[in-house]
Amino acid sequence: MPYNRSEPYNDLPLLPPNADIESKEILKKCITARSRIAALKQAGELIPNPAVLINTIPLLEAKVSSEIENIVTTTDKLFQFASGNEEKADHATKETLRYRQALYQGYLAIRERPICTTTAVDVCRTIRDVEVDIRKVPGTALANDRTGEVIYTPPTGEGVIRDKLANWEKFVNENQDIDPLIRMAIMHYQFEAIHPFSDGNGRTGRILNLLLLIQEELLDIPVLYLSRYFINNKNQYYALLREVTENENWQSWILYVLDAVAETAQWTTDKIKTAQELLLYTCEYINQKSPKVYSRELVETIFEQPYCRIQNIVDKGIAKRQTASTYLKKLVDINVLKEMNAGREKLYINPKFFILLTQDENSYEPFSLK
């Protein structure tokens, strides 16, 4: 029966695809992407304090992945509430912060078991903060936001969906002869096509991408900012997903994902290296301007995320509360930090680090000599 976008796609083909998924062009791009992923992994290993990466890059990923689903918050709000008082955040910020939480929980979970349907359910539950499960009720369809035209109708029936997820799970974990990056591209399409949840499929699928890279030991921690490429090329992202569904055009989709991996791995590597340069530069500056305040631990703490609280310094054992407050105020005096009020407490912003994280360019301005 020919494909009809208005009818449930219960005939969604099982994996592996009946197509040449290892063409010369695909394998050539795969080599480039693997090389850049390896460089990213190495850059991450050079950071003395991995919390700098774990606390920041996944937040950027969370923001942009949520933005693809029209859940929009600001980077400023994310970093502000990520360091505490999350309950006071607005709905969109809370939902985006849950993306980071889901990513981290998934990262811990794959140490115990490989990616599976349960992984996807747990990730989606955390993102949405409700007890979701595999879709049971028919009637789900994806439509154009402007015209209301049905673009795609996923499979329906819990049994059908679970069978397709079982096949998806088997493909992800048993086809070790297929390069993990090619497997990731195929895994992502199939998960989105199965569309197992009533909501949260896109964000769950993008987290699963990162988890597979860690499971296959291409990365140690989830620091590939892949959603940046997807939102910068959003129309192509959706068009190529439809190309697989309607024309079995796997090659264009796989090449797109490999380009995404290569570009974002390079960008993230450059971002990490620049952040490390900025950290070292800040160490030298503080040591010169205020040697009594300086310690490497203090600088690393203000680089774990762009917003710092007095309690962060206390928790690290660097100083007791009054001394910690003095240290942070001194860093404000020499223009390393900026102070702002957040309810009853004070936040200390690392502006150079914040700007570096939120801009596309991988650069920073020197400190003023005043």
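Descriptive notes on the structure:
- Rg followed by Dmax, in Å, when the stretch 205-297 is reduced to its Cα trace: 19.5, 67
- Sorted by Cβ density within 10 Å, fewest first, the residues Lys234, Lys292: Lys292, Lys234
- In loop segments of the stretch 90-146 as defined by DSSP, the GluC sites (Glu not before Pro) with at most 14 further C-beta atoms inside 10 Å of their C-beta are Glu112, Glu131.
- Computed over the Cα atoms of the stretch 180-244, the ratio of the radius of gyration to the Kirkwood radius (Rg/Rh) comes to 0.96.
- Among Lys28, Lys273, Lys94, residue whose mean-square fluctuation peaks in a GNM of the chain (springs only between Cα atoms under 10 Å): Lys28
- When the pairs Lys292/Lys329; Lys41/Lys94; Lys41/Lys273; Lys289/Lys330; Lys29/Lys164; Lys292/Lys330 are compared against a 18 Å limit on Cα-Cα distance, Lys41/Lys94; Lys29/Lys164 fall above it.
- Helical mean residue ellipticity (222 nm; -39500 (n - 2.57) per DSSP H run of 4+; nearest 500) of the chain: -19000 deg cm²/dmol
- Extension gain, Gln101 back to Lys346 (0.36 nm per residue minus Cα-Cα distance, nm): 85.7 nm
- Sequence of Glu263, Glu361 once ranked by neighbouring C-beta atoms within 10 Å, starting from the fewest: Glu361, Glu263
- For the chain, the Cα gyration tensor yields ellipsoid semi-axes of 41, 22, 17 Å (square root of five times each eigenvalue, largest first, whole Å).
- Degrees, to the nearest 10: 117-128 long Cα axis against longest axis of the chain: 50
- Extension gain for Glu112-Tyr238 works out to 42.0 nm (0.36 nm per residue, less the C-alpha to C-alpha distance).
- Within the straight-line cut-off of under 16 Å between alpha carbons, the aspartates and glutamates reachable from Lys170 are Asp179, Glu216, sequence neighbours fewer than 8 places apart in one chain being disregarded.
- Relative exposure of Tyr285, Tyr256, judged by other C-beta atoms within 10 Å (fewest first): Tyr285, Tyr256
- Legend: P(r) of the stretch 271-358 from all alpha carbon pair distances, 10 Å bins from 0, whole percents, reading 18, 56, 25, 2.
- Expressed in units of 2.2 N^0.38 Å, where N is the residue count, the Cα radius of gyration of the stretch 124-247 is 1.09.
Readers should treat all values here as calculations from the given coordinates under stated rules, not as data from a laboratory. Owing to the predicted nature of the structure, the values given are computational and were not obtained by experimental measurement. Ideal geometry is used to build each Cβ from the backbone, glycine not excepted, and the neighbour counts take in all protein chains shown.
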